[in-house]
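The values are calculated or read from the model by the stated rules, or taken from the named source; none is laboratory data. Quantities reported herein were computed from a predicted structural model and do not represent experimental measurements. Counting neighbours? That spans all protein chains shown, and the Cβs are built from the backbone with ideal geometry, glycine included. With ligands, DNA and RNA removed, areas are computed over all heavy atoms of the protein, side chains included. Shrake-Rupley method; radii C 1.70, N 1.55, O 1.52, S 1.80 Å.
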Amino acid sequence: MNTRFLPLLAFCAIACRALAAPEAFEVGLAQKDQLPGGKEADGIIGDFILRNDKVEAVISGNLPLRRANMSTFYGSEGITPGCVYDLTRRGANNDQLTYFGPAAQQGSVSWVRVLKDGREGEATIEVAVTGANRGGIARYHRYTLRDGWPGLQITTTIVNESAEPKKLDLAGRFTNFLRTGNVQGVNWADAIDPADKAGYAYGNLVAPENYGTGKEYPLASGASVTVVRFLAVGHSPVEAVGEVMRQRSAVSEVAGSVTDPTGAPVPTAELLVRTSGGRDENMGVIHPDAQGSFALAMPAGRYNLTITDRGRADVEQALEVKAGEAAKLEAKVGPASAIQFRVTDAAGKTIPCKAQFLAAEGTEPVNLGPQNRAHGCLDQYHSERGDFRVALAPGKYRVIVTRGIEYSHLAQDVTLAAGQTFEFAGKLQRLVDTTGWVSADYHNHSTQSGDNTCGTPDRIINLVAEHYEFAPTTEHNRLYDWQPIIEQLGLLAELQTVPGMELTGRYAHFNAFPFKPVPRTQDNGAPVWNDDPRITAITLRDWQGAEPDRWIQINHPDMVKNFIDANEDGRIDGGFHGLATLIDGIETENGGGSEILGGKPFTIGKNKDGKDSVQTLREFIWLQMLNRGHRYAAMAVNDAHSVHGNGVGGWRMYLPSHSDNPAEIDWRDNVRHAKAGHSILTTGPFLQVRTQDGTGPGDTTRCVGGSVKLKVQVQCTDWIDIDRVQVLVNGRARPELNFTRAANAKMFQDGVVKFSQWIEVPLSEDAHLIVVATGEKSTLAIGYGTSAQAKMHPLAYHNPIFIDFDGHGFTPNGDTLGFPLPTAKMSVEEARRQLAAAAK
């Protein structure tokens, strides 16, 4: 050997070791772009990164108010520094983890620091909770990573420094997964959307003998206990489980693929794996990669696999894994049946839409995937474009395609044979003329909010498929902006947004916009909620500097606490004085059915314990508040957290706009109209109301000659109908201003225009007028199928038109509409007495 190259070889070996070494470092301004990405990625400046050649993780820093997405945990223990916030394969930017806490770690910590930076082959982050900081119980967590490891080794030592014995929770915990399980003591979780192809698993490597499976562990005074566990990430839960088991004992390598009859890969397949023999346990699923292949580790044993893929028959297959031997699995699935869609507008351009697949004549109900995703949520598919393919099992279906409440619908009975592709083509006609108005929803959520797992792209697609045109970004306790996602989806011509937030706490929640997100900081720079709603409103009004057009609304308001009985002692105190002047709007409609024509401020229902309880109705109390001089605008929102069920589509608002093109919507213009109450609230009917002089919702006009004439027009698409129009005068439903299809047939029509009449309203005092149009004998079933909105009635109303009767300006009449203002602590007996008295 030529010795002159030895120094060079030695240098190369050192350099290679350095390049391969794991890393641990604190994230500063210069490192913020190195934080991993993904659906649940939540790293910020001041956190710590652990990474090697296989994975990268974020350990939350000891920072003020450090917490993961909003509602991972509530209350004083909601902060979670020193926990695993992100874990994904290196460079994949596919984090699906919201939080992992060893020994149920929550609350404040004493320090988070780099213990070993990786230069010696091991990287470690240490987290400490001293006994002085936590009632005499000291906790020390060490997150360790070496090259080649597909996850973190987590060592937890707890010392009882108190004088008393304690019972402690030693269990690990991760949150916000829908599909989880346990096999041989290893906990696993699948990604919320299987299409994201990620799985997690953790299990103990070292634990006290008497720990068992229970959570509480007795620890005597002066004693300590140590638990070592491994947290792994993989392309699938089975892969992650195998890596945890590899840390415990020998495993064998398993490789395989899934192909169709032509030999083409099937990347959308899932392989459900169960152990066989004495223990029948679910190990989770295997997600093949884009080539339909997989490679992972499994303990020796016999397994039963079920290979599934939408539109194909399930395949059962056995697998034997022998110790020390590699195993191979070649899975063959049959041909796929599917429906290929081409849905266009009248001009032939493909457009966003929603397809429903309603099983008929013995066909099994359709389940395309989890309810929180757009591309396959139970029996619906929401598409950002009209050209798409949906795999379905052979069978008979009623297929319905819609695009919100302005367009026609397509309906067709389809019989799908095995392996068949059915071509579904049609045009959606824009029937309802909303020229000069745009549809909006001021309150929706995605996984950025933390209390749901709907992907942000899924929410955007859900909105455009239901034909919303303006939707501010309103994630919980986080400044955020959907605009980049809208752009990535190619939907700038369909939907406009503005960055904002929902500020959430125990009581009143507030939506507000615009704000400028500050990336890689806690909550993207959002303010902190306060118990007093006035302080919260003022904070939002002034956050990031004064903005004259900033919008502030109260969400799903507690009308009694906010405006009638603030301290909830059962006495009228006016609520939080001044609050009504600090807000622009309140949600009179939030996802459910409306009680605008209910005629009472409360009903008697059942509480969570099954006992009778008094339940207030915010629409009626809003009418009472109007009569007491409150002028904030009523709003209709979905508050959507999912796509199917609690998705968008039930409610929306229409507001005037200088442009009907969503890309040209001016949020300031939209907000000014919203503040003025120039809005229509609807589940489907497009209602237009104006006085003889052209005055519309939110504005004031004079009364001339003792009456006011209202021009009322209602349009509906071909799957919506109305049968009643009622005028409310100062909140009261006058019988002579109630028009029904049964009693006034000539006033109603059967085309797109359902009602178009001048209605004369006699007056004797200042009044606010609201027109309500509803279909009491119909529902929204065609447009929403099995989703919750299907049971709702078509209904629309507007913010009041104010009438100055005597020329001295509008003065509210103070009428509480036959009921005293409701207060907290009202007994069921008192509520029944008031309802009975009103009925007389």
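Some observations on this one:
- So ASN187, is it under 16 Å from ALA240 (Cα atoms), touching a residue at least 12 places away in the same chain (Cβ under 8 Å), part of a strand (DSSP E or B) and open to solvent by 60 Å² or more (accessible area, probe 1.4 Å): no
- Residue in the range 191-198 that is within 35 Å of the chain's Cα centre (by Cα), under 24 Å from ASP95 (Cβ atoms), open to solvent by 10 Å² or more (accessible area, probe 1.4 Å) and hydrophobic (A, V, I, L, M, F, W, C) present: yes
- VAL614 being of a type in the set (A, V, I, L, M, F, W, C) and surrounded by fewer than 19 Cβ atoms within 10 Å (Cβ to Cβ): no
- Here ALA508, ALA580, ALA566, ALA546 are screened, and the one residue that is open to solvent by less than 20 Å² (accessible area, probe 1.4 Å), among the small types (Gly, Ala, Ser) and out of contact with any helix residue (DSSP H, G or I) (no Cβ under 6 Å at 6 or more places or on another chain) is ALA566.
- Residues of the range 787-806 that turn out to be of a type outside the set (Gly, Ala, Ser) and in contact with a His (Cβ under 8 Å, 6 or more places away or on another chain), as a count: 5
- Contact map, the range 443-465: residues that are charged (D, E, K, R) paired with residues that are open to solvent by 10 Å² or more (accessible area, probe 1.4 Å), Cβ distance under 6 Å, separation 6+ or inter-chain. Pairs shown: ASP451/SER71; ASP458/ARG373.
- Within the range 692-714, the set of residues being of a type in the set (S, T, N, Q) and more than 40 Å from the chain's Cα centre (by Cα) comprises GLN692, THR701, SER707.
- ALA163 vs. criteria outside any strand (DSSP E or B), small (Gly, Ala, Ser), under 30 Å from ASN452 (Cβ atoms) and touching a residue at least 24 places away in the same chain (Cβ under 8 Å): no
- Odd one out for GLY575, checked against (1) in a loop (DSSP other than H, G, I, E, B); (2) open to solvent by 20 Å² or more (accessible area, probe 1.4 Å): (2)
- A residue that is small (Gly, Ala, Ser), exposed (fewer than 15 other Cβ atoms within 10 Å of the Cβ) and within 30 Å of LEU428 (Cβ to Cβ) occurs somewhere in the range 335-346.
- Matching strands (runs of 3 or more DSSP E) fully within the range 314-429 where at least 3 residues are of a type outside the set (A, V, I, L, M, F, W, C), in contact with a strand residue (DSSP E or B) (Cβ under 6 Å, 6 or more places away or on another chain) and under 30 Å from GLU494 (Cβ atoms): 338-344, 380-383, 395-402, 421-427
- If you go through the range 430-444 and keep only what is assigned to a loop (DSSP other than H, G, I, E, B) and in contact with a strand residue (DSSP E or B) (Cβ under 7 Å, 6 or more places away or on another chain), you end up with LEU431, VAL432, ASP433, THR434, GLY436, ASP441, TYR442, HIS443.
- Some residue of the range 431-442 being touching a residue at least 40 places away in the same chain (Cβ under 8 Å), open to solvent by 10 Å² or more (accessible area, probe 1.4 Å), more than 29 Å from ILE45 (Cβ to Cβ) and touching a Pro at 6+ places or on another chain (Cβ under 8 Å): yes
- Residue list for the range 297-312, filter: surrounded by fewer than 20 Cβ atoms within 10 Å (Cβ to Cβ) and either over 32 Å from the mean Cα position of the chain (by Cα) or closer than 25 Å to TRP149 by Cβ (or both): ALA300, GLY301, ARG302, ASN304
- If you check ALA640, ALA636, ALA676 for being of a type in the set (A, V, I, L, M, F, W, C), within 25 Å of the chain's Cα centre (by Cα) and either over 28 Å from PRO812 (Cβ atoms) or surrounded by fewer than 24 Cβ atoms within 10 Å (Cβ to Cβ) (or both), only one passes: ALA640.
- Condition check for GLY629: open to solvent by less than 20 Å² (accessible area, probe 1.4 Å) and in a loop (DSSP other than H, G, I, E, B): no
- Within the range 102-125, the set of residues being under 23 Å from ALA232 (Cα atoms) and open to solvent by less than 10 Å² (accessible area, probe 1.4 Å) comprises PRO102, ALA103, GLN105, GLY118, ALA123, THR124, ILE125.
- Here the range 457-497 is the region considered, the condition is being open to solvent by 20 Å² or more (accessible area, probe 1.4 Å) and polar (S, T, N, Q), and the residue that is nearest to GLU384 (Cα to Cα) is GLN488.
- Residues that are of a type in the set (Gly, Ala, Ser), open to solvent by less than 60 Å² (accessible area, probe 1.4 Å), without any contact (Cβ under 8 Å) to a residue 60 or more places away in the chain and outside any loop (DSSP other than H, G, I, E, B), drawn from the range 39-78: GLY78
- Every condition in (1) under 24 Å from GLN317 (Cα atoms); (2) touching a residue at least 24 places away in the same chain (Cβ under 8 Å) is met by THR262 except one, and the failing one is (2).
- Some residue of the range 145-161 being over 34 Å from the mean Cα position of the chain (by Cα), open to solvent by less than 50 Å² (accessible area, probe 1.4 Å) and at positive phi: yes
- Number of positions in the range 643-658 that are open to solvent by 10 Å² or more (accessible area, probe 1.4 Å) and either over 13 Å from SER439 (Cβ atoms) or of a type in the set (D, E, K, R) (or both): 4
- Scanning the range 679-699 for residues that are open to solvent by 10 Å² or more (accessible area, probe 1.4 Å) and either under 27 Å from TYR784 (Cβ atoms) or in a strand (DSSP E or B) (or both) yields GLN688, VAL689, ARG690, PRO697.
- Single unsatisfied condition, GLY592 versus (1) within 30 Å of ARG734 (Cα to Cα); (2) part of a loop (DSSP other than H, G, I, E, B); (3) modelled with pLDDT of 95 or more: (3)
- Options ASN176, ASN133: the member that is of a type in the set (S, T, N, Q), over 26 Å from ASP117 (Cα atoms), in contact (Cβ under 8 Å) with a residue 60 or more places away in the chain and open to solvent by 10 Å² or more (accessible area, probe 1.4 Å): ASN176
- Of all positions in the range 311-329, at least one carries a residue that is charged (D, E, K, R) and free of Cβ contacts under 8 Å to residues at least 12 places away in the same chain.
- Here GLY650 qualifies as on the phi < 0 side of the Ramachandran plot and touching a residue at least 12 places away in the same chain (Cβ under 8 Å).
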